[in-house]
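Data first, discussion second: the structure below is written as structure tokens.
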Amino acid sequence: PLIYVDGVRVVNEVATGIVVQAFGSGLVSRLNDFDPDNIERIEILKGPAAATLYGTEASNGVIQIFTKRGQAGASPKVALSIRQGTQWFSNPEGRIRRPLNRVCAPGQTTDCPLVEWNPVKQEMDRYKAGLSERPLFTNGYMMGYGLNVSGGTPTVRYFAGATFDKDNGIEPVNNQQRFTTNLNVNITPSEKWDVSTSIGIVKSKLNQAWEAGAGGIWFSTIFGDPAQANDDTRGFIFGPPEFQWGQSQPSQLINRFTASATINHRPTSWFNHRLTVGQDQTDEGSQELGNYLKPEWVQFCPGDCALGYKYDQRRALSYTTVDYNANVRANIRSNLTSTTSFGAQYYRKRSDLVWAQGNRFPAPGLETVAATAETFGYDDFVENVTVGFFGQEQLSFGDKFFLTGAIRVDNNSAFGDNFDFVAYPKLSASYVLAEGQTGKLNAFKLRAAYGQSGQQPDAFAALQSYTPVVSGNGAPAILPEFLGNPDLKPERGTEFEVGFEAGLLNDRVAADFTFYYQKTRDAILNQSVAPSSGFPGNRFVNIGSLRNVGFEAQLSTTLIDKQKFSLRADFNLSHNSNKVLSLGEGVDSLGFAGPKVGYPVDGIFRRKVVSADLDADGRAINVLCDDGKGGPGVECTQAGGSYLGVWDPRWEGSVNLTTVLWSRLRLYANVDFKLGNKHFDNN
């Protein structure tokens with residue numbers, strides 16, 4: 001989803017950091033940069049029907065974050081927060097202890113003894129005996145301190161807040177420090193004008209657990225070898241814990257600055273307009289330092305590995321927003337009101353990348369790329385621009401029935417040369433059956449909406465490109481790299497949704513329900529390129545389509561409402577099912593593992609054994625696998641992938657309980673659940 005903070009689009013990437021790890025454990029989300037203590041509220045626009053006015057890129061919805069503002073008062077309000085806590089790995093012995101394994105001595109093939117390996121107990125015993133500096137896992141100490149001041153007058157209001165957090169994980173190499181600060185000022189010089197400004201700064205350093213790309217000591221423990229428990233590795237793959245903690249350290253440095261200014265002008269009672277400008281600047285440093293190894297550790301990583309390395313990737317991510325919106329209100333009849341809205345937006349994204357790597361330090365204690373014997377590096381940048389216009393008409397009939405129609409027109413720099421503008425329509429209606437009443441039914445509103453939005457191609461997906469090489473005589477030359485597609489256009493999401501909102505029993509019960517049907521067409525897929533084109537590999541084309549159907553429901557109720565005790569319960573439930581409708585003409589599958597037409601887009605496809613025999617030694621023979629057609633089975637090497645389930649949960653929900661005692665003490669509990677998916681991994 002797109003993310004906005006105080007009206008400005010911000011970096012919304014969910015996977016940044018050290019991307020060379022095989023299992024992605026070094027990846028973090030930029031949404032983590034924002035301090036919840038400085039957030040006043042969050043609004044979520046779900047799907048194309050709600051996000052039409054945000055245009056290209058908004059088909060996955062929009063999250064709008066509004067930071068806290070000051071309130072006019074006689075004196076400033078000061079708030080101080082202190083957070084202290086601990087986190088731990090519950091029951092590690094029972095959860096990662098290796099069960100009995102047959103361990104054979106060198107040359108032994110039969111009658112191998114059964115051996116159990118308990119790495120947690122093993123390392124704790126070493127720690128108690130003074131042989132190790134720490135056990136395998138320890139409690140991680142967490143703390144945070146926050147201070148904010150707010151107040152003002154009817155003319156000028158302000159909010160200033162800062163938070164410092166320091167959290168340690170259960171391993172020594174996993175910790176984070178973060179400092180965030182916000183300054184918001186609202187100026188209202190007259191009834192016709194007001195100006196809102198916001199500045200936010202984030203500085204953080206995250207140290208991440210690292211080991212063979214799997215994150216921390218987990219991989220080495222789960223796949224440890226009991227037969228090596230008595231040698232220098234102590235049973236851990238790759239080396240003992242102290243080696244893995246000391247060999248290398250991935251980290252991420254963040255310096256982030258977000259600023260916005262909004263001017264509201266109300267020259268007349270029937271016309272108002274608004275201008276928002278802002279910038280989100282994120283400087284991201286993803287680093288990994290491989291240390292020059294101690295002599296006793298060289299056996300676990302010999303050769304060049306023992307000499308160390310340094311990897312440093314610096315990205316400057318810049319998002320610029322200019323957003324203008326105007327509204328014209330007219331009373332057509334006594335019970336008929338019209339509100340006409342129009343506006344324009346300009347969004348610019350730029351990513352500047354500088355990457356450097358050095359291998360082989362000449363001596364211990366060195367930490368820079370410049371101090372290595374062998375260095376590499378490059379720089380690059382990507383820029384993307386969207387320009388959009390929209391118009392909307394809303395009719396209100398007696399403040400009971402509301403009808404809204406809108407259209408959004410966008411152009412984006414990533415579109416193919418033969419494709420210019422894209423238009424996204426919207427139509428919605430709502431009817432208020434009850435509002436502000438007492439008794440059993442206090443409020444009830446029916447609503448329905450139809451809308452479209454898009455997802456743009458990647459920045460260079462439409463362009464024909466060449467790669468630089470060195471020719472036979474040493475001169476620079478180029479080779480065909482990517483064919484490109486001048487007809488490439490955005491994916492288009494179309495959604496229809498219906499729902500209702502209700503308040504019951506003097507507003508002690510609130511219900512919200514939405515059913516949606518969403519179809520994505522012109523999905524961008526990779527298509528093989530004919531060798532006769534002179535270009536290798538694939539190109540991006542708009543040939544796919546898929547369908548999503550689901551519902552979201554929420555029920556909130558105040559069970560007890562007394563002066564000294566109140567109890568509130570909230571229940572959320574959602575369900576989604578999706579299906580691939582098309583992968584292009586004559587294409588049923590994109591390979592053995594999918595996706596496949598007629599199945600969920602996140603379907604899991606693997607060979608499935610349906611029959612086998614056992615020989616005299618207990619080994620499987622005559623193994624047959626599912627042929628996918630309901631037959632008796634085929635040789636597994638000839639079998640295709642059988643559908644086993646989906647990766648993502650089909651059902652998600654939560655139950656929340658909140659109680660307030662003596663109007664001063666709040667206690668809360670939350671249980672969430674996810675159902676209907678499969679795990680298919682090595683754990």
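The values are calculated or read from the model by the stated rules, or taken from the named source; none is laboratory data. Because the structure is a prediction, the values reported are computed rather than measured. In this analysis, Cβ positions are derived from the backbone assuming ideal geometry, glycine residues included, and neighbour counts consider all displayed protein chains. The area values use the complete protein model at the heavy-atom level, side chains included, leaving out ligands, DNA and RNA. Shrake-Rupley method; radii C 1.70, N 1.55, O 1.52, S 1.80 Å.
Per-residue packing, averaged as other Cβ atoms within 10 Å, sorts the ranges 530-540, 633-643 into the order 633-643, 530-540, beginning with the highest.
Out of every Cα pair in the chain, what percent are spaced more than 35 Å from each other?
Numbers: 138775 of 232903 pairs.
Counting pairs separated by more than 35 Å, the tail of P(r) holds 60 percent.
Listed by chain and number, the aspartates and glutamates placed with their C-alpha closer than 20 angstrom to that of residue 166 are 33, 35, 37, 284; residues fewer than eight positions away on the same chain are left out. Packing, as the average of other Cβ atoms within 10 Å across residues, places the peptides 348-354, 194-200, 295-301 in the order 194-200, 348-354, 295-301, highest first.
Cross-link partners for residue 46 among the aspartates and glutamates, with Cα-Cα distance under 15 Å and sequence neighbours closer than 8 places in the same chain left out: 57, 495, 497, 512, 552. The modelled label-to-label distance between residue 592 and residue 654, using points 7 Å beyond Cα along the C-beta direction, is 4.0 nm. If you take all other residues with their beta carbon under 14 Å from the beta carbon of residue 358, and give Lys and Arg +1 and Asp and Glu -1, the sum is -3. In terms of packing, defined here as the mean over residues of other Cβ atoms within 10 angstrom, the peptides 484-496, 268-280 line up highest first as 484-496, 268-280.
For the cross-link pairs 579/678; 68/192; 489/519; 192/400; 400/445, which exceed 21 Å when the distance is taken from alpha carbon to alpha carbon?
Details: 579/678 17 Å; 68/192 23 Å; 489/519 17 Å; 192/400 29 Å; 400/445 9 Å.
Over 21 Å apart, Cα to Cα: 68/192; 192/400.
With the cut-off at under 11 Å, measuring from each backbone N in segment 116-159 to a point 7 Å along the Cα-to-Cβ line of residue 97 picks out 116-122.
Projected over every direction and averaged, the convex hull enclosing the alpha-carbon atoms of segment 485-610 yields 14.4 nm².
When both segment 186-264 and segment 290-348 are represented by their alpha-carbon centers, they are found 16 Å apart.
For segment 87-165, applying the loop criterion from DSSP together with a ceiling of 13 other beta carbons within 10 Å to the GluC sites (Glu not before Pro) yields 133.
May I ask you to derive the FRET efficiency for residue 668 and residue 397 from their Cβ-Cβ distance with R0 = 30 Å, giving the value to the nearest 0.05? Let's see the in-between values first.
Details: r = 41 Å, r/R0 = 1.38.
So the FRET efficiency works out to roughly 0.15.
Please report, largest first and rounded to whole Å, the three semi-axes of the ellipsoid equivalent to segment 261-393, where each semi-axis is the square root of five times an eigenvalue of the C-alpha gyration tensor.
So the equivalent ellipsoid measures 59, 13, 11 Å along its semi-axes.
Solvent-accessible surface of segment 483-546, taken per residue with a 1.4 Å probe and all protein chains present: 49 Å². Report the label-to-label distance for residue 344 and residue 29 in nanometres (one decimal), using points 7 Å from each Cα along the Cα→Cβ vector. It works out to 3.6 nm between the two label points.
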